[in-house]
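Enquirer: Dropping the structure in here first, questions after.
The values are calculated or read from the model by the stated rules, or taken from the named source; none is laboratory data. Given the structure is predicted, the values throughout are model-derived calculations rather than measurements. Cβ coordinates were reconstructed from backbone atoms using ideal geometry, including for glycine residues, and neighbour counts include every protein chain displayed. Areas reflect the complete protein model, heavy atoms only, side chains present, ligands, DNA and RNA absent. Shrake-Rupley method; radii C 1.70, N 1.55, O 1.52, S 1.80 Å.
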Amino acid sequence: MGKPVKINMSLSSMMSSLRDIDDEIWGEYAFSRDILRDRIPEEKKFEYISNSIRCGEEYADRILQETGQSGPREIANCLGLHVIPSDLPMTSKRVLFAQYTPPDQIEILQEPLAKYKAVLAHATEEESAQLVAESEIRNVLLGHEIFHFLEDRYEDEIYTRTEKIRLWRILNFKNDSTVRALGEIAGMAFSKRLNHITYSPFLLDVLLFFGYNPEGANNIYQDIMAISQSKKSNKELV
């Protein structure tokens, strides 16, 4: 079989397709980028993804009830978090849109948003309808980082910190590790619930990277669609 032909697509076309990707596929995408991906048994992935999504949603409901607030920024204020803009540049070694720094700081990087605004400025009205407003992106990024703060606050009980895999064991010595992908999946589910959106925040990987490198964003998109197609083919064979 020949190598699939890569077709570069417009950002609006990619967003139209990515909005329909279900959470299980996004979970597989998160695992595909995890440093421990080869240590995760295939038969355990669905369990990990389902539990992580449930964890994110439950903590979103919990924090909404505890704070009595409905917006990420108001919730951040209630939790005593300092949300600040950051001028940190994104590099080829660090693809980053926002970050939580313990104990109480969340930075929202301005460069990716500025580049996205430039993309929006050249979009037609029809294309813009498939994209995401900048203000919504800020809230989605903030929601995700709030979850990472909660991971620290509830580290003794929260699923993404208590669930671990064994890397090795020699006699009475062992090395167990958390799995970063679980926190990412749960964080996306948390932000999705908190912001009352219907799409997965994972699609921001394509949306915000496009302003830096349209071809690179297309490559990420193709990776996601390949995972989706693979899962669909596997289900048809069952």
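Enquirer: Which one of Ile185, Ile197 is β-branched (Val, Ile, Thr), more than 22 Å from Asp152 (Cβ to Cβ) and either open to solvent by 10 Å² or more (accessible area, probe 1.4 Å) or within 10 Å of the chain's Cα centre (by Cα) (or both)?
Expert: Numbers: Ile185 fails: more than 22 Å from Asp152 (Cβ to Cβ).
Only one candidate qualifies: Ile197.
Enquirer: Any chance you could count how many residues in the stretch 11-53 are farther than 22 Å from Glu215 by Cβ, in contact (Cβ under 8 Å) with a residue 24 or more places away in the chain and of a type in the set (D, E, K, R)?
Expert: Total meeting the criteria: 6.
Enquirer: Which of the following residues is surrounded by fewer than 16 Cβ atoms within 10 Å (Cβ to Cβ) and modelled with pLDDT of 95 or more: Arg153, Arg166? Lay out the reasoning, then the answer.
Expert: Working: Arg166 fails: modelled with pLDDT of 95 or more.
When all the criteria are applied, what remains is Arg153.
Enquirer: Examine the stretch 164-180 for a residue that is aromatic (Phe, Trp, Tyr), touching a strand residue (DSSP E or B) at 6+ places or on another chain (Cβ under 8 Å) and not in a helix (DSSP H, G or I), and state whether such a residue exists. Steps first, answer last, please.
Expert: Going residue by residue through the stretch 164-180, those that are aromatic (Phe, Trp, Tyr) are 168, 173.
Still in the running and touching a strand residue (DSSP E or B) at 6+ places or on another chain (Cβ under 8 Å): 168.
Restricting the remaining residues to those that are not in a helix (DSSP H, G or I) gives 168.
Among the residues of the stretch 164-180, at least one is aromatic (Phe, Trp, Tyr), touching a strand residue (DSSP E or B) at 6+ places or on another chain (Cβ under 8 Å) and not in a helix (DSSP H, G or I), which makes the answer yes.
Enquirer: Another one. Which residue pairs have Cβ atoms closer than 8 Å, lie 6 or more positions apart in sequence or on different chains, and pair a first residue in the stretch 161-187 that is farther than 17 Å from Glu24 by Cα with a second residue that is assigned to a helix (DSSP H, G or I) and open to solvent by 50 Å² or more (accessible area, probe 1.4 Å)?
Expert: Ile165/Arg39; Leu167/Arg39; Thr178/Arg161
Enquirer: Here is a follow-up. Which residue is surrounded by the fewest Cβ atoms within 10 Å (Cβ to Cβ), if the candidates are limited to the stretch 103-131 and must be over 13 Å from Phe210 (Cα atoms) and among the β-branched types (Val, Ile, Thr)?
Expert: Of everything passing the filter in the stretch 103-131, Thr124 is surrounded by the fewest Cβ atoms within 10 Å (Cβ to Cβ).
Enquirer: If you don't mind, there's one more thing I want to ask. Looking only at the stretch 201-219, which residues are more than 22 Å from Ile53 (Cα to Cα) and charged (D, E, K, R)?
Expert: Hit for the stretch 201-219 is Glu215, nothing else.
Enquirer: Taking the conditions exactly as written (more than 12 Å from the chain's Cα centre (by Cα), surrounded by 13 or more Cβ atoms within 10 Å (Cβ to Cβ) and farther than 16 Å from Ser16 by Cα), does Tyr221 satisfy them or not?
Expert: Values: more than 12 Å from the chain's Cα centre (by Cα): yes; surrounded by 13 or more Cβ atoms within 10 Å (Cβ to Cβ): yes; farther than 16 Å from Ser16 by Cα: no.
No: the conditions fail for Tyr221.
Enquirer: Only residues that are more than 18 Å from the chain's Cα centre (by Cα), of a type outside the set (S, T, N, Q) and within 24 Å of Leu79 (Cβ to Cβ): list them for the stretch 99-151, please.
Expert: Answer for the stretch 99-151, where residues must be more than 18 Å from the chain's Cα centre (by Cα), of a type outside the set (S, T, N, Q) and within 24 Å of Leu79 (Cβ to Cβ): Pro102, Pro103, Asp104.
So that you can scan it fast, the table gives a plain yes or no per residue for (1) among the charged types (D, E, K, R); (2) within 13 Å of the chain's Cα centre (by Cα):
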{"residue": "Asp20", "(1), (2)": "yes, no"}
{"residue": "Asp23", "(1), (2)": "yes, yes"}
{"residue": "Glu28", "(1), (2)": "yes, yes"}
{"residue": "Ser32", "(1), (2)": "no, yes"}
{"residue": "Ile35", "(1), (2)": "no, no"}
{"residue": "Arg39", "(1), (2)": "yes, no"}
{"residue": "Lys44", "(1), (2)": "yes, no"}
{"residue": "Tyr48", "(1), (2)": "no, no"}
{"residue": "Glu57", "(1), (2)": "yes, no"}
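Enquirer: Considering (1) within 15 Å of the chain's Cα centre (by Cα); (2) of a type in the set (Lys, Arg); (3) more than 25 Å from Leu79 (Cα to Cα), say which one Arg166 fails and leave the rest.
Expert: (1)
Enquirer: List the strands (runs of 3 or more DSSP E) that sit entirely inside the stretch 35-132 and contain at least 2 residues that are among the polar types (S, T, N, Q). Walk me through how you get there before you give the answer.
Expert: Details: elements: 82-86, 98-101, 105-109.
Ranges flagged: 98-101.
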